[in-house]
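Taking it in order: structure first as structure tokens, then the write-up.
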Amino acid sequence: MTTDNVMISVKGLKKHYNYGVVKALDGVDIDINKGDVMVVIGPSGSGKSTFLRSLNLLEEPTEGSIFFQGKDIVNDKIDMDKFRQKMGMVFQHFNLFPHKTVLENLTLAPQVVKKANKAEIEKKALELLDRVGLADRANAYPVQLSGGQKQRVAIVRALCMEPEVMLFDEPTSALDPEMVGEVLEVMKELAHNGMTMVCVTHEMGFAREVGNRVVFMADGKLIEQGTPDQIFDHPQSPRLKDFLGKVL
Ligand SMILES: Nc1ncnc2c1ncn2[C@@H]1O[C@H](COP(=O)(O)OP(=O)(O)OP(=O)(O)O)[C@@H](O)[C@H]1O
Ligand SMILES: [Mg+2]
């Protein structure tokens, strides 16, 4: 593997809770390359969310290093605001401001944090809204949107910050089934446009079709990784075989 293509390099990452009683992450090593669409799968409590939240330092790792653009973001002194702008995050719940319109939700952070020009960021936000099929909802309030629409707005909100990598933590698992497809479609389009993505999801169809790498976690450890074909059709470890037997 060439190293100049590596975007994030995770080394010996540990996150312990309750004085080490809970080992949410127990020594994770992995490189995320530019353009990767990495799908993280694994049973509940295996550390998937903790892994994602550690990547952008929403959790402070107990031990280990995360190298991003030449800096160890865990141990080196970094400008946290600047760093966070580079990693867009989309959660299960959208957390849009209820008293602001869609457009205001999208343009607030870029103006405050990035000092973006109002007219320019509005233009960009409207273009992105158009790309996710919501051009006509710019002046709506979150309460007037469906769950799937809100999640598409949340994705656009992250994109308005022009991140270099997008982290998704089960973005479709709180949605009604008929709205899952429209959100996955937006994620698929992002992937095809070359966005580097790390996605925790239970959508195995998405993992297979859109992911170029699948990572299986259990007990805070990375148990197996490979192409979708390797992971889904030729699993090696008993833990993975057992997991797939339950979810496929
Ligand atoms: N703030 C916390 N305090 C104590 N334990 C925690 C905390 N956050 C997570 N944990 C524990 O760490 C482990 C990993 O949790 P995590 O949320 O990363 O799992 P997950 O794989 O995302 O699970 P799920 O599929 O249910 O979302 C679990 O045992 C969880 O109970
Ligand atoms: Mg989780």
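Quick notes on this one:
- Calculated mean residue ellipticity at 222 nm for the chain: -10500 deg cm²/dmol, from DSSP H runs with n ≥ 4 weighted as -39500 (n - 2.57), summed, divided by the residue count and rounded to 500.
- Taking the fewest neighbouring Cβ atoms within 10 Å as the starting point, the ordered list for MET187, MET166 is MET166, MET187.
- Region 16-98, Rg to Rh (Cα coordinates; Rh as Kirkwood inverse mean 1/r): 0.96
- Listed by number, the DSSP H helices of the chain that run 15 Å or longer by alpha-carbon position along their axis and have mean Kyte hydropathy of at least -1.0 are 102-113, 118-131, 147-159, 177-192.
- Counting neighbouring beta carbons within 10 Å and listing from fewest to most, the residues HIS202, HIS234 come out as HIS234, HIS202.
- Across all C-alpha atoms in region 100-162, the radius of gyration and Dmax reach 10.5, 30 Å.
- Under 5 Å, built H, 5+ apart or other chain: amide partners of GLU224: PHE216
- Kirkwood analysis of the chain, using all unique Cα-Cα pairs, places the hydrodynamic radius at 18.8 Å.
- Just so you know, the averaged projected area of the alpha carbon convex hull for region 124-200 sits at 4.9 nm².
- Under-5 Å amide H pairs with VAL40, H placed in peptide plane, nonlocal only: CYS199, VAL200, THR201, VAL215
- Value of Rg to Rh for region 2-149 (Rh from inverse mean 1/r over Cα pairs, i.e. Kirkwood): 1.03
- Largest mean-square fluctuation among PRO110, PRO163, PRO177, in a Gaussian network model of the chain whose springs join Cα atoms under 10 Å apart, belongs to PRO177.
- Convex hull projection area averaged over all views, region 148-248, Cα basis, nm²: 6.9
- Partners of LYS150 within straight-line reach, counting lysines whose Cα lies under 27 Å from its Cα and excluding those fewer than 8 residues away in the same chain: LYS48, LYS82, LYS86, LYS100, LYS114, LYS115, LYS118, LYS123, LYS124, LYS188.
Every number here is computed from the coordinates shown, using simple stated rules; none is lab data. What you are looking at is a predicted structure, and each value in this text was computed from that prediction instead of being measured. Glycine also receives a Cβ, built like all others from the backbone with ideal geometry; neighbour counts cover every protein chain displayed.
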